[in-house]
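Accompanying notes for the structure given below.
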Amino acid sequence: LRGLGPYARPILPRLKALSLGANDLVSKGIEFNVLHARVRTQIMLKLTYEALQATEARYDALVDHSSDMVFHLSPRGRVAFVSPASRAMLGYSPQSLVGRSLFTLIHKPDVERLQEQARPGELLPEGDDFTVRMMHRDRSLLWVLCQIRITRDRRTGAIAEIHGTCREQPPDSI
């Protein structure tokens, strides 16, 4: 562009606009109703994004400070997310549980009972809360009330994700 001299000057703002993504405005000129609609859309996107960030911050605060262990499992029962309460409840950091099967933490006879109650081919019984014994890192067993909700694929009905909470129960309440 330097070799073009004064001819490049009117092109520079258009090139900058193109590099910023304004290709329709530069090539077609400005239609104010279209411009107004696009600006309004961008403002709504920004407001929606800010609302999403605020919602995520509230969710994170609830999960991070809850004494209940909150978790998300893959359809195969592997931990995708677990809250910091896992450390107090089971003696494991959340990072050490991610990727691990939930069933490695549940007492074997309780795993068998759960699988008998589940639909054929599925890992956990749907809709009912259940009490199991979970293994603490120090190898002690503790009674835990689990509440789960299964999210299914709308088209196939297959399990997409499992969400749940676990709360330690005093042995005399079982």
Which pairs turn up if I take residues in the stretch 123-143 that are on the phi < 0 side of the Ramachandran plot and part of a loop (DSSP other than H, G, I, E, B) and look for partners that are among the acidic types (D, E) and open to solvent by 70 Å² or more (accessible area, probe 1.4 Å) with beta carbon separation below 6 Å, at least 6 apart in sequence or on another chain? none
By residue number, the members of the stretch 59-82 that are open to solvent by 80 Å² or more (accessible area, probe 1.4 Å) and either modelled with pLDDT of 90 or more or more than 18 Å from the chain's Cα centre (by Cα) (or both) are S67, R78
It is to be established whether one or more residues within the stretch 137-148 are within 19 Å of E168 (Cβ to Cβ), small (G, A, S) and more than 25 Å from the chain's Cα centre (by Cα). yes
Regarding the stretch 97-111, can at least one residue be identified that is under 23 Å from the mean Cα position of the chain (by Cα), part of a helix (DSSP H, G or I), at pLDDT 95 or above and under 16 Å from H72 (Cα atoms)? yes
Assess whether L145 counts as being surrounded by fewer than 16 Cβ atoms within 10 Å (Cβ to Cβ) and touching a strand residue (DSSP E or B) at 6+ places or on another chain (Cβ under 9 Å). no
List pairs: first residue in the stretch 145-167 and more than 15 Å from R76 (Cβ to Cβ), second residue among the basic types (K, R) and surrounded by 13 or more Cβ atoms within 10 Å (Cβ to Cβ) anywhere in the structure, Cβ distance under 9 angstrom, at least six positions apart or on different chains. L145/R167; C146/R167; Q147/R167
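The values are calculated or read from the model by the stated rules, or taken from the named source; none is laboratory data. This structure is a prediction, so every number in the text was calculated from the model and none was measured. Glycine gets a Cβ as well: all are built from the backbone with ideal geometry, and neighbour counts include every protein chain shown. When the accessible area is computed, the model is the full protein with side chains, heavy atoms only, and any ligands, DNA or RNA have been set aside. Shrake-Rupley method; radii C 1.70, N 1.55, O 1.52, S 1.80 Å.
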